[in-house]
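Visitor: Starting off with a structure, shown below.
Where a number appears in this text, it was derived from the coordinates with a stated rule and is not lab data. None of these values were measured; they are calculated from a predicted model. With ideal geometry, Cβ positions are generated from the backbone for all residues, glycine too; neighbour counts draw on all protein chains shown.
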Amino acid sequence: MKETTPREKVLKNIRNALMHKNENPFLDAQIHADMYAPVDSVTDVAFAQSFTAAGGVFFYCEDEKAMVMQLATLARERNWKSVFTFIPELVDILNLIKLNPVSDPALPDELQAGITFCESLIARTGTIVVSSFASSGRRMVVHPEAHIVIGYASQVVQDIQHALDDLKNRYGDALPSFISLITGPSRTADIEKTLVMGAHGPRELMLFFIDDRPDREEESAHP
C-alpha cells in the first residue's frame, strides 16, 4: 500500500529501521576524549578571567578569615541588614560578622542577598556549578537580588566534563536532584534586543574565591 501522507512515510521508515538494524559505525569513537585543548594559563587565573568577563564580581581571599572580613565590608557598603542562607556553616559566619542570618524557608518577595557554597568552578567558561546539596536547595540561586557564592581554588576544573566527573565521584548513584550551571548574572535580550539584568534570577553574581592551594605559601615566598 502506497503511503499517502508524510506521517505514514516516517512511520514506515521507523518500522524498517527497527526490523533491519545496522551495526554501529562509530565503535571506535572516543566519547570521553577532551573536546578542547587544555587551558593555557594557570587554571584558577583562567577561571577568574572568564568569570569576570561573563559579568561576575570576583573577590580573591587568601583564606577563610580574609573572606569573612571582605564579606563584612561588602555588607556594610551595600547596607544589607540580613543575608539569607540555609547552610549551618554559613549561618555561623554571618553571626560572626553580626550580619543577621535568615533561614526561614518562606522567602520574602524582596530578597537582597543570599549566600551558598558550590560544587565546582569551570575555568574555560567562568561557570559556577551548584546543586541542591551545596546551595540551599533550588530557590536560593534564583530568588535573591545578589547571589553570593563561596568557592575554593581546589574546586576549579577545566571543563564541564570534569565538573560532571567530580559530581559522579562525589555522590555516586545518589546525584543531587538539582544541578545548575551559572555563568554570570541572569540576563536576557529577548524583548526588542534590549539587555535586561535579573530577568530570570539574581542581578548580581559574586564569588568569594578562597585560595586553599597547598603550594600558595611557597609561591608567595618565591615570586
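Visitor: Would you order SER120, SER186, SER131, SER103 from fewest to most other beta-carbon atoms within 10 Å of each residue's own beta-carbon?
Guide: In increasing order of surrounding Cβ atoms, one gets SER103, SER186, SER131, SER120.
Visitor: Once both labels are modelled 7 Å past Cα along the beta-carbon direction, what's the ALA29-ALA174 spacing in nm?
Guide: Using points 7 Å along Cα→Cβ, the separation is 3.4 nm.
Visitor: Now, a different point. Order these by the 10 Å Cβ neighbour count, fewest first: THR125, THR4, THR85.
Guide: Going from least to most buried by this count: THR4, THR125, THR85.
Visitor: Could you work out how far apart the two model spin labels at VAL45 and SER103 are, taking each label as a point 7 Å from the Cα in the direction of the beta carbon, and quote it in nm?
Guide: Label-label distance for VAL45 and SER103, simple model: 4.0 nm.
Visitor: What are the ³J(HN,Hα) values, in whole Hz, obtained from phi via the Karplus relation 6.51 cos²θ - 1.76 cosθ + 1.60 with θ = phi - 60°, for each residue of the stretch 42-48 in sequence order, with x given for Gly and Pro?
Guide: Computed from phi, the couplings for the stretch 42-48 are 3, 4, 5, 5, 4, 5, 4 Hz.
Visitor: Calculate, for GLN70 and SER132, the FRET efficiency according to 1/(1 + (r/R0)^6) with r their C-beta to C-beta distance and R0 25 Å; round to the nearest 0.05.
Guide: 0.40
Visitor: Separate question: Under 15 Å from the 7 Å Cα→Cβ point of ARG203, by amide nitrogen: which residues of the stretch 62-101?
Guide: The answer is 78-80.
Visitor: Using θ = phi - 60° and the Karplus curve 6.51 cos²θ - 1.76 cosθ + 1.60, what whole-Hz ³J(HN,Hα) does each residue of the stretch 74-88 get, with Gly and Pro shown as x?
Guide: 4, 4, 5, 5, 8, 6, 6, 8, 7, 10, 8, 6, 10, 9, x
Visitor: Quick check on the exposure proxy: order VAL102, VAL141 from fewest to most C-beta atoms within 10 angstrom.
Guide: VAL102, VAL141
Visitor: Hey, can you grab everything whose amide H is under 5 Å from the amide H of THR127? Only 5+ residues off in sequence or another chain; H modelled, so Pro and N-termini drop out.
Guide: Amide H neighbours of THR127: ILE122.
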